[in-house]
1. Quick one: would you say CYS40 is under 14 Å from the mean Cα position of the chain (by Cα), surrounded by 11 or more Cβ atoms within 10 Å (Cβ to Cβ) and hydrophobic (A, V, I, L, M, F, W, C)?
Amino acid sequence: MPLFRTAMYAKGVDLWCAPTVDDRDAWQATMRHIAPEGRCFVLSADQYLPVEGDRT
């Protein structure tokens, strides 16, 4: 993955979009690392799928 990010940074990415299903603290730390590393803004969204019949 670091080589992929390096290639994208070389293209001048200004906004890094990172959808995920991981809501752990480690993911947040990774996003905080990518922002200064790539000198870009990071948008990370956690996906949500309600359980059938759950109305909360």
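1. When the stated conditions are applied, CYS40 passes them.
For every residue, the table says whether it meets (1) exposed (fewer than 10 other Cβ atoms within 10 Å of the Cβ); (2) in contact (Cβ under 8 Å) with a residue 60 or more places away in the chain; (3) outside any loop (DSSP other than H, G, I, E, B).
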{"site": "ARG5", "(1), (2), (3)": "no, no, yes"}
{"site": "VAL13", "(1), (2), (3)": "no, no, no"}
{"site": "TRP16", "(1), (2), (3)": "no, no, yes"}
{"site": "TRP27", "(1), (2), (3)": "no, no, yes"}
{"site": "MET31", "(1), (2), (3)": "no, no, yes"}
{"site": "PRO36", "(1), (2), (3)": "yes, no, yes"}
{"site": "VAL51", "(1), (2), (3)": "yes, no, no"}
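Every number here is computed from the coordinates shown, using simple stated rules; none is lab data. These numbers were taken from a predicted model, which means no experiment stands behind them. FYI the Cβ positions are ideal-geometry reconstructions off the backbone, even for glycines, and counts take in every protein chain you see.
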